[in-house]
Amino acid sequence: MVLSLVFVNIALSALYYNRSQALVQLKSEEAKCLDENETLKIDVERLRSPERITSIAEKKLGMQTARSNIYVRE
């Protein structure tokens, strides 16, 4: 009986160790994903800036900003 309890204790200890290692790995992966998410958020904000869009429209597409004093008569 004592011998079976020792084996159960060893098996549970091994299971606990494996689960602990898996948890450490998942927490590491979570931290990496959170860092990547922050980097991507910064990239999105940079890419959606009006200055960048205006620059691309003017340089690559040949567009110009409309004058504000244009009037249309009907």
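The values are calculated or read from the model by the stated rules, or taken from the named source; none is laboratory data. Here the structure is a predicted model, which is why all the values come from computation and not from measurement. Glycine also receives a Cβ, built like all others from the backbone with ideal geometry; neighbour counts cover every protein chain displayed. Ligands, DNA and RNA are excluded from the accessible area calculation, which covers all protein heavy atoms including side chains. Shrake-Rupley method; radii C 1.70, N 1.55, O 1.52, S 1.80 Å.
Details
- Solvent exposure of the range 1-65 amounts to 96 Å² per residue of accessible area, where only protein heavy atoms count and the probe is 1.4 Å.
- In loop segments of the range 1-59 as defined by DSSP, the trypsin sites (Lys or Arg not before Pro) with at most 16 further C-beta atoms inside 10 Å of their C-beta are ARG48.
- Neighbour net charge for GLN25 - beta-carbon separation under 14 angstrom, K R +1, D E -1: +1
- Cα long-axis angle, helix 2-47 against the chain (0 to 90 degrees, to the nearest 10): 10
- The angle between the Cα long axis of helix 50-59 and the longest principal axis of the Cα atoms of the chain comes to about 60 degrees, rounded to the nearest 10.
- Total formal charge among the other residues, if their Cβ is under 13 angstrom from that of THR39, Lys/Arg +1 and Asp/Glu -1: -2
- Over the chain, volume per residue of the alpha carbon convex hull, in Å³: 153
- Cβ-derived FRET efficiency at R0 25 Å, ARG67 paired with LEU47, nearest 0.05: 0.35
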